[in-house]
Amino acid sequence: MTRREVVERAITFRDPPRLPMKFDVVGVNDCYDVWTHDPTGWNWSFQGELADEWGCVWQRSEVQNTGLVRGHPLLDLARLKDYSWPDPEDPRRYRGFEEQLAGAEDRFVMFCFGQGIFERLHMLHGMSETLMDFYLEPEAMHEMLDRILEHHIRVFRQCCKIAKGRMHAAAMADDWGLQDRAFLKVETFREFFKPRYKRWFDEIKAAGTHTWMHSCGRTNDIIEELIDVGLEVVNLQQPNVVGIDEISRRYQGRVCFESIVDTQSTLPRGTYEEIRAQARRLLDAWGTPRGGFIASDYNDAEAIGVTLDRRRVMFEAFAEKGGYPDYRGILERTAGAAVGGHSYGRDTIEK
């Protein structure tokens, strides 16, 4: 069975022969991410301060991480009428995309957008301003969300043309939670976002691909809304924040989880046995005997203070319980150092 088939069976609850894994740190990954270019030349390895194609100005801090948006081009909504939206048809965006796909081998190929519609909205307008203007300037918020979604859909369609059936999922990241609640009331989410996610997920499924979304924070009620409009895989990286038992009670068997030992507490500060215990508990509580779980690592581990040894302990715990073949041999062969970069097509095109 190919690696793609293992992932596909986990998503669709059709008895995968083992647990699908995403652990580049030990050279194990059943998935392969492909990306498009920012036509302006911005990429994740930027240094200092740099604006992306949307005009959002990113800055690096002294801590190793992906950077933060510090400049918001639509902070003042008066600029909206003259704003130049990115061109989804720009050919520079798709340079090397065919070559990325060629490196996938038998893996499950995920097209990754990076920021989704909520994250791109507050990057454009500012977080505080965004949260206020759902109530103060709803027409402008609807307009911006429509333009962002239209851009994403047109990019996705072009990638599908290039891929010719070689993409198997489309993923976006929209962090919807604070530590104790979602950013918006469910009613506000339903007005501004639920119909747009439905349109987005319908587009993905119509292309024969699966829907996949990362969302951190306490997203417990938002997950229900997303499942209702077609989300198939949810990536949760803070099990302690959402509550393992609550998520199990509400969603086990209804959506496939991509998850990890809690990145805020257990993984960076727990004992080895606490890491192992949580990995085993997640598989029992969120997975099912027929599938529904994909185990993953945190590839920006340095930014959250997670050392290599902790990542290897987590891999071993997931692999042992999930029936991954020769996991002990893998650990022996990779002892002492991380294997290398992510299984991302973008690694090839950004070097």
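We did not get these values from a lab; they are worked out from the coordinates using the rules stated. Because the structure is a prediction, the values reported are computed rather than measured. Methodologically, a virtual Cβ is constructed for each residue, glycine included, from the backbone with ideal geometry; neighbour enumeration extends over all protein chains shown.
Quick rundown of the values:
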| item | result |
| --- | --- |
| Region 156-193 versus region 24-51: alpha-carbon centroid distance in Å | 18 Å |
| Tail weight of P(r) past 25 Å, computed on alpha-carbon pairs of region 178-306, percent | 27 percent |
| Percent RCO, i.e. relative contact order, over the chain, from Cα pairs under 8 Å lying at least 6 residues apart | 23 percent |
| Size of charge dipole - region 102-244 - debye, nearest 20, with Cβ of Lys, Arg +1 and Asp, Glu -1, no other charges | 640 debye |
| Cα centre as origin, Lys/Arg/Asp/Glu Cβ charges: the chain dipole, Debye | 940 debye |
| Estimated FRET transfer efficiency when R0 is 22 angstrom, pair Ala338-Val63 (beta carbons, to 0.05) | 0.70 |
